[in-house]
Every structure is written in structure tokens, then in C-alpha cells.
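Asks: The structure under discussion is supplied below as C-alpha cells; questions concerning it will follow.
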Amino acid sequence: MGHPIICFGQQPCGFFPKRFLFAKISAARRLQKEIGGEIVFFFHDSDHDPRETITILRDRTSKQEVALNFQFENRIQKQFSPQYAKRVLPEWQEKTARQLPNYVPPPLVAHFKETKCSNVADFCLEMYRRMGLLEGLRVERSSMPEFRARAVAVSDYFVDQPYEGEIVRARYRDGKLLLHKGGNRFLEIPGGEFGPKQISPTRDTRFRWMQSVIRCTHYVAGASEQHYINKADAPNVKFIKRDEISDFDRAYTEL
């Protein structure tokens, strides 16, 4: 085997990351100790679903849970803008910072207050860095034009397009740009020419698209990824299950 490249992927998953992300990182680090090589975090910040960043915390006294999330300037940005284009509101950060001492230790409150980023993706990534989770990892972002330009063409994809003052992520289908409004309802939006630097993959084409650039030898897969990744797209990749972890969809708040 040549130089091992151990990869895992994840959308921004809360301003404190969900515990399943920590489980992916710990699995990757353990494998690195065994075989060497480098770890690559494929940060899928082109995703647009606002539910991904819901952060579930537990009151330190009552143990009751609360679900917190970013606030958004408008409905279009919330529903359709990619995470890298959803803007962080200063008033949201100030309000949330006042609540956090009920849920997390003082060092994490300080990290939250000190993080100054203009968009949701950058904010989450900076918080993960401050928590020490990214030490020694190489981060590759699906939003980066350079990454997109190097990726293989896929048949099923989204296109980042301007729409009503925002950047939105529209599904390309049958020559149309569509915003999914729920169920079987779609809104067609106007669009001009676009190229690889505006394209990001769908769930089912994401691994092949990512792998064409990262070329990992090992991939740490989450529970749901095990079911939808087409392993035939990467016959030479060894797939590793992430570590088991309790409360996998709750926030990781340890230092």
C-alpha cells in the first residue's frame, strides 16, 4: 500500500458538532495510529438543509434538552442557500451566548463568543478547530471553486445560482433549475450559464465526486452512509464504520 489517505465526510452539523462527527474523527485517528498516513475531513459545506445545524444541548442542572440553531435573515436563505452562504447574525450570536452557560462549560462559552465568522459553514468549522477536533487534519471543502473544478462531472447535481438577492442551491433536472419546496412541489428559477465551479453533487453522487479529488484509500462511513454509498464507485477503498457512540445526534461538548 502507498501513502494511506483516511477520509471522512460531514456537513456542518451544529455550532457544537454532533457526537457522531466526533465518532468519525476518533475512528480515523485510531486507524491512522495503526497504518500511518494522513486524515482528510471532507467538509460538505455546499449542503443547504438548515436542519443539519440543529444543536441539541442538555441543561447542566435540570438535564432537560434544548434544540438551538442559527437564525437566518430571510426564508429563502434559510431554506435554499448553501451553508457557506447562510449569514451569521451578530444579534443571534449575542443572544445564544447568554444562554450557553446553562448548557456547556465556560471554555466552550468563550470559544463561542470569540468566534467571528460571517457564514454558518465558517462558524462551525472554526468552533470545531477551537475545540481541538481538527488538529492534524487536512480539511477539503465542497464549496471551494478549486475543489469543484478538479472534481469529475456527475449526472445528478445542484447548481449555486443567484436568486432574489441570495445564493441558492438549485437542483438541475431536465434543463431546469429547481428549488424543492417540500413533497412533490418545486419552484423553477431562472438561471444563466454555469460551469463546474457552481456545481455540487447530490447525496447519491457525492462520494464519487469527492473521491475523484481526494482519492482516499480508507473511508470512515457514518451509519446512513453505509446504505447509500455506491461502493462500486471506489473498488479500491476500504470502508470503515465510525465508532459507536451514545446520544449520537446530540451535541459533543467535551474538551
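Asks: Do you know which residues across segment 196-218 are in contact with a helix residue (DSSP H, G or I) (Cβ under 8 Å, 6 or more places away or on another chain), part of a helix (DSSP H, G or I) and farther than 17 Å from PRO145 by Cα?
Replies: Taking segment 196-218 first, the residues in contact with a helix residue (DSSP H, G or I) (Cβ under 8 Å, 6 or more places away or on another chain) are 196-201, 203-204, 207-208, 211-213, 218.
Narrowing the set further to residues that are part of a helix (DSSP H, G or I) leaves 196-198, 203-204, 207-208, 211-213.
Scanning segment 196-218 gives ARG203, ASP204, PHE207, ARG208.
Asks: For segment 26-72, which positions are at positive phi and either surrounded by 15 or more Cβ atoms within 10 Å (Cβ to Cβ) or touching a residue at least 24 places away in the same chain (Cβ under 8 Å) (or both)?
Replies: As a first pass, look at segment 26-72 and keep what is at positive phi: 36-37, 63.
Result: GLY36, GLY37.
Asks: From the list LEU137, LEU125, pick out the single residue that is at pLDDT 95 or above, buried (at least 17 other Cβ atoms within 10 Å of the Cβ) and closer than 28 Å to ARG75 by Cα.
Replies: On the way: LEU137 fails: closer than 28 Å to ARG75 by Cα.
Within the list LEU137, LEU125, the selection yields LEU125.
Asks: State which residue is farthest from ILE54 (Cα to Cα) when the search covers only segment 85-126 and only residues that are over 21 Å from the mean Cα position of the chain (by Cα) and among the aliphatic types (A, V, I, L, M).
Replies: ALA110
Asks: Give the residue that is surrounded by the most Cβ atoms within 10 Å (Cβ to Cβ), with candidates limited to residues of segment 231-247 that are assigned to a strand (DSSP E or B) and among the hydrophobic types (A, V, I, L, M, F, W, C).
Replies: Ranking the qualifying residues of segment 231-247, first place goes to ILE240.
Asks: Restricting to segment 186-221, count the residues that are small (Gly, Ala, Ser) and either without any contact (Cβ under 8 Å) to a residue 40 or more places away in the chain or surrounded by fewer than 19 Cβ atoms within 10 Å (Cβ to Cβ) (or both).
Replies: Going through segment 186-221, the residues small (Gly, Ala, Ser) turn out to be 191-192, 195, 200, 212, 221.
After this cut, where a residue has to be either without any contact (Cβ under 8 Å) to a residue 40 or more places away in the chain or surrounded by fewer than 19 Cβ atoms within 10 Å (Cβ to Cβ) (or both) as well, the list is 191-192, 195, 212.
Qualifying residue count, segment 186-221: 4.
Asks: Here are some conditions: (1) in contact with a Leu (Cβ under 8 Å, 6 or more places away or on another chain); (2) in contact (Cβ under 8 Å) with a residue 60 or more places away in the chain; (3) not small (Gly, Ala, Ser). ILE167 meets all but one. Which one does it not meet?
Replies: (1)
Asks: What about PHE158, is it crowded, with 16+ Cβ neighbours inside 10 Å, under 17 Å from the mean Cα position of the chain (by Cα) and hydrophobic (A, V, I, L, M, F, W, C)? Walk me through how you get there before you give the answer.
Replies: Working: crowded, with 16+ Cβ neighbours inside 10 Å: yes; under 17 Å from the mean Cα position of the chain (by Cα): yes; hydrophobic (A, V, I, L, M, F, W, C): yes.
Against the criterion (crowded, with 16+ Cβ neighbours inside 10 Å, under 17 Å from the mean Cα position of the chain (by Cα) and hydrophobic (A, V, I, L, M, F, W, C)), PHE158 qualifies.
Asks: Within segment 13-35, can one find any residue that is out of contact with any helix residue (DSSP H, G or I) (no Cβ under 9 Å at 6 or more places or on another chain) and assigned to a loop (DSSP other than H, G, I, E, B)?
Replies: No, the conditions are met nowhere in segment 13-35.
Asks: Now a separate question. I'm trying to understand the selection: among the residues of segment 73-87, which are of a type outside the set (D, E, K, R) and either surrounded by fewer than 20 Cβ atoms within 10 Å (Cβ to Cβ) or touching a strand residue (DSSP E or B) at 6+ places or on another chain (Cβ under 6 Å) (or both)?
Replies: So the first thing to find is which residues in segment 73-87 are of a type outside the set (D, E, K, R), and the list is 74, 76-77, 79-85.
Of everything in segment 73-87, those that are of a type outside the set (D, E, K, R) and either surrounded by fewer than 20 Cβ atoms within 10 Å (Cβ to Cβ) or touching a strand residue (DSSP E or B) at 6+ places or on another chain (Cβ under 6 Å) (or both) turn out to be ASN74, ILE76, GLN77, GLN79, PHE80, SER81, PRO82, TYR84, ALA85.
The values are calculated or read from the model by the stated rules, or taken from the named source; none is laboratory data. Remember, predicted model here, so these are calculated numbers, not experimental data. Don't worry about glycine lacking a Cβ; one is built from the backbone with ideal geometry, like all the others, and counts go over all protein chains shown.
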